[in-house]
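Below is one structure, written out as structure tokens; comments come after it.
The values are calculated or read from the model by the stated rules, or taken from the named source; none is laboratory data. Since the model is a prediction, treat every value here as computed from it, not as a measurement. Backbone-built Cβ (ideal geometry, glycine too); neighbour counts: all protein chains shown. Surface accessibility is based on the protein's heavy atoms, side chains included, excluding ligands, DNA and RNA. Shrake-Rupley method; radii C 1.70, N 1.55, O 1.52, S 1.80 Å.
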Amino acid sequence: MNFDKLYKERTTLDNTNIDLTGWIILMDNNLYLLEDNYKPDYKVCKKINIENRDIAYVLEKIVSPLGGTESFLFHRAIVSGMIASFPDLTIIPSEIYVEGSNKELEKVDISKENIERCKANSSDLFDTTKNIGNWFDV
């Protein structure tokens, strides 16, 4: 499914399983999938919230971090899962594939156990007291 169809039919898609392709990113302390053809100001493009932002701890372990943006995470991804449209458009992921350093899509282990293990071995990705900015600020 593409984002145009998702946004047009969002109220009729509750509890529907879909596959979406786009760009996975941490933004505003949440994990999102942005539309494939996002605008230069990606913060205002079509996006869907990915339930359980802690999946970012797993992604941190398997993707090459990016510099020059507000997020280390800005990678091509496919997210499969169930749609929940209220209060915000959200996908409850059952599977995530993310583009790795070899430019191939890799399946991400989003099991509760793996998320907790990765989280326990990481610094707090959502610590709002850290003002990292971007690499131009260094």
Determine the percent antiparallel among the DSSP beta bridges restricted to the chain, to the nearest 5.
-> 95 percent
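For every other residue with a beta carbon closer than 14 angstrom to the beta carbon of Asn114, add +1 if it is Lys or Arg and -1 if Asp or Glu, then tell me the sum. Walk me through the intermediate numbers first.
Details: positive: Lys61, Lys107, Lys112, Arg117, Lys119; negative: Asp54, Glu60, Glu95, Glu106, Asp109, Glu113, Glu116.
Local charge sum for Asn114: -2.
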Which percent of the accessible heavy-atom area of the chain goes to carbon and sulfur, probe 1.4 angstrom?
-> 48 percent
Net charge dipole size for the chain [Lys, Arg +1 and Asp, Glu -1 on Cβ; Debye, nearest 20] | 140 debye
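Let me have the relative contact order for the chain, percent, based on Cα pairs under 8 Å that are six or more residues apart.
Values: 245 pairs, mean separation 33.2, N = 138.
The normalised contact order for the chain reaches 24 percent.
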To the nearest 0.05, what FRET efficiency results for Asp41 and Ser64 with a Förster distance of 22 Å applied to their C-beta separation?
-> 0.35
State, to one decimal in nm, how far the label point of Ile92 lies from the label point of Asn121, with both points 7 Å from Cα in the Cβ direction.
-> 2.9 nm
Two-site FRET efficiency, Tyr7 against Glu51, from Cβ-Cβ distance with R₀ of 22 Å, rounded to 0.05 | 0.75
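Excluding Lys8 itself, calculate the net charge of residues whose Cβ lies under 14 Å from the Cβ of Lys8, where each Lys or Arg counts +1 and each Asp or Glu counts -1. Walk me through the intermediate numbers first.
On the way: positive: Lys5, Arg10, Lys46; negative: Asp4, Glu9, Glu35.
Neighbour charge sum, excluding Lys8 itself: 0.
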What nm value, rounded to one decimal, do you get for the distance between Ser80 and Asn114 when each label is placed 7 Å out toward the C-beta?
-> 1.4 nm
Taking trypsin sites (Lys or Arg not before Pro) as exposed when in a DSSP loop with at most 12 other Cβ atoms inside 10 Å, the chain has its longest clean stretch at 1-102
Accessible area in square angstrom per residue, the range 2-91, 1.4 angstrom probe = 50 Å²
